[in-house]
Amino acid sequence: MHRIYRFTVTIILALLLSPLTPLAWALEAKEEDKNGDGKSDFWIYYEDKRPVKIESDKNYDGAKDMWIFYEPKGKKRIEADLNFDRKADMFLYYEYGQRVKFEIDSNYDGKFDQVSEYKDGKLVKLQRDTDSNGELETIFDISDRQSNIIKNIKINKDASPQKE
């Protein structure tokens, strides 16, 4: 009786866990030592022979500071740690090879100070924190196909800028 129970439990566990086995081994990783110091500083992860993630240590300090994610349906995301504090400061988003969004925290305070949006590879909207108050001001927005220059520009009836 004990043998039959153990055999049954083994079969049930094997059936339950077998779908999870491919998940555990789904990613194949390849490492490279780009600067020849004997330590890996570039990693490519594959799923079904397709790259899904690249990680890199650009300044060779042992910490990863650039990540590229290949997502389904032609999407790609790049994250970079520009000041090497182990936090991503720049994000780039692509769809089918075309940039669609760019975000950057150039003063490293944890908030984006510039966000750019693209359509068909062309810049259509730009927002910046121009006064360092933590809020993005729209510099221009042509995403609706009409040029809207927004930032503090007043126009006279004759189309010349007003003097303050």
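Read the figures in this text as sums done on the coordinates, not as results from a lab. Keep in mind it's a predicted model, so treat the numbers as computed, not measured. Neighbour counts are summed over all protein chains in view; Cβ atoms, including those assigned to glycine, are modelled from backbone coordinates with ideal geometry.
Determine the gain in length on full extension of the stretch E31-D85; use 0.36 nm per residue of separation and subtract their C-alpha separation, reporting nm with one decimal.
Value of the extension gain: 17.2 nm.
Here the extension length gained between E95 and K119 equals 7.6 nm, from 0.36 nm per residue of separation less the Cα-Cα distance. Here each label is just a point 7 Å from Cα along the line to Cβ, and for F140 and K75 those points are 2.9 nm apart.
Summing charges over neighbours of Y93, with a neighbour being any other residue whose Cβ is under 14 Å away from its Cβ, gives +3 when K and R count +1 and D and E count -1. For E79, the shell of other residues with beta-carbons less than 13 Å away shows a net charge of +1, using +1 for Lys and Arg and -1 for Asp and Glu.
Note on E47 and S106: with the Förster distance fixed at 30 Å, the Cβ-Cβ geometry gives a FRET efficiency of about 0.35.
For the listed residue pairs K64/K101; K30/K101; K58/K111; K39/K101; K30/K119, the alpha carbons are over 31 angstrom apart in K39/K101; K30/K119.
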